[in-house]
């Protein structure tokens, strides 16, 4: 496995992964996160064009996971009901989804992001128990609740190396 920037050639594979992730969320009790076909194609394309979208692929270039990685201030993380571990420069991951074809792809992506920046923040829906379990098992610390631009709450985690 390795991580690289997403290209437009990956678009269909990425859309399939996001669709499967939405189905998995519903099946695992997370009924509202990514509702209404989130993220839509126009957001996925904008992420690719901005250079913030990354995929984890196998040796055959099959996409195993997709995520957004950025380094720098995230506006939704400026206010938290709780407290971040520090005020250091940080990287963020958003819109993570796994094809669930290979065990360890999610951990591999988190490790890759931590190699890019040793201070990483991520948020998820309170009902996203699989993601919350993954973050806890990978040493992330629950820091509190942040709010998306539309006001929806998300539980926030941070890990520093």
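General remarks:
- For residue 29, the conditions (1) farther than 28 Å from residue 9 by Cβ; (2) loosely packed, with under 15 Cβ neighbours inside 10 Å; (3) at pLDDT 95 or above are fulfilled apart from (3).
- Being surrounded by fewer than 14 Cβ atoms within 10 Å (Cβ to Cβ), free of Cβ contacts under 8 Å to residues at least 12 places away in the same chain and either part of a loop (DSSP other than H, G, I, E, B) or in contact with a helix residue (DSSP H, G or I) (Cβ under 6 Å, 6 or more places away or on another chain) (or both) is a property that residue 49 lacks.
- Any hit, segment 82-98, residues being touching a helix residue (DSSP H, G or I) at 6+ places or on another chain (Cβ under 9 Å) and over 26 Å from residue 159 (Cα atoms): no
- Of all residues in segment 111-125, those that are exposed (fewer than 15 other Cβ atoms within 10 Å of the Cβ) and part of a loop (DSSP other than H, G, I, E, B) total 1.
- Matching option when the condition is modelled with pLDDT of 95 or more and farther than 29 Å from residue 145 by Cβ, among 48, 68, 93: 48
- The residues of segment 129-161 that are at positive phi and either in contact with a strand residue (DSSP E or B) (Cβ under 9 Å, 6 or more places away or on another chain) or assigned to a helix (DSSP H, G or I) (or both), listed by number, are 139, 144.
- Residues considered: 67, 108. Of these, the only one that is outside any strand (DSSP E or B), touching a residue at least 12 places away in the same chain (Cβ under 8 Å) and surrounded by 15 or more Cβ atoms within 10 Å (Cβ to Cβ) is 108.
The values are calculated or read from the model by the stated rules, or taken from the named source; none is laboratory data. These numbers were taken from a predicted model, which means no experiment stands behind them. Every residue, glycine as well, gets a Cβ built from its backbone with ideal geometry; the counts of neighbours run over all protein chains shown.
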